[in-house]
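For reference, the structure is listed below as structure tokens.
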Amino acid sequence: MPGRVFSSHCPQCYSTLNGADDPCSEDAPQLGDITICFYCGALLCFGLGMALENYPEAELTEDLLVRVQAMRAAAMLTHGGKFPKQQKGKH
């Protein structure tokens, strides 16, 4: 279910992100949950204070990569097969 989260910046492209969507849950994101940047597709997780952090590469599994690819594909479908232009935030 789409919802608003505290505004945070993608650590890869510095776009401002303030929404989250999980088609499998109506719960708000929790510490450690994964997400992708809507602008550049980076794999991120919610860290302390719900700030976005790069997902630890050492924790990637094949199942997670398949899930992430599905998330990226769904995000891209809403924008004609590509991620939208990056929205540069303050860094």
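In whole Å, what three semi-axes, largest first, describe the equivalent ellipsoid of segment 3-77 built from its Cα gyration tensor (square root of 5 times each eigenvalue)? Could the numbers behind the result be given before it?
Working: eigenvalues 56, 41, 36 Å².
Value: 17, 14, 13 Å, ordered largest first.
Got a sec to turn the phi values of segment 41-53 into Karplus ³J(HN,Hα) couplings, 6.51 cos²θ - 1.76 cosθ + 1.60 with θ = phi - 60°, whole Hz, x for Gly and Pro?
Computed from phi, the couplings for segment 41-53 are x, 5, 7, 10, 9, 7, x, 4, x, 6, 6, 7, 10 Hz.
Take peptides 46-54, 60-68 and line them up by average Cβ neighbours within 10 Å, highest first, as a rough protection proxy. Intermediate results must be reported in sequence, preceding the final value.
Working: 46-54: 14.0, 60-68: 11.1.
Taking the mean over residues of other Cβ atoms within 10 Å, the ranking is 46-54, 60-68.
Using 0.36 nm per residue of separation minus the Cα-Cα distance, give me the extension gain between A58 and A28 in nm, one decimal.
Values: separation 30, 0.36 × 30 = 10.80 nm, distance 2.54 nm.
Between A58 and A28, full extension yields 8.3 nm more.
No lab work stands behind these numbers, since they all come straight from the coordinates. Note that the structure is a prediction, hence the values are computed from the model and not measured. All Cβ positions, glycine included, derive from the backbone under ideal geometry; neighbour counts span all protein chains shown.
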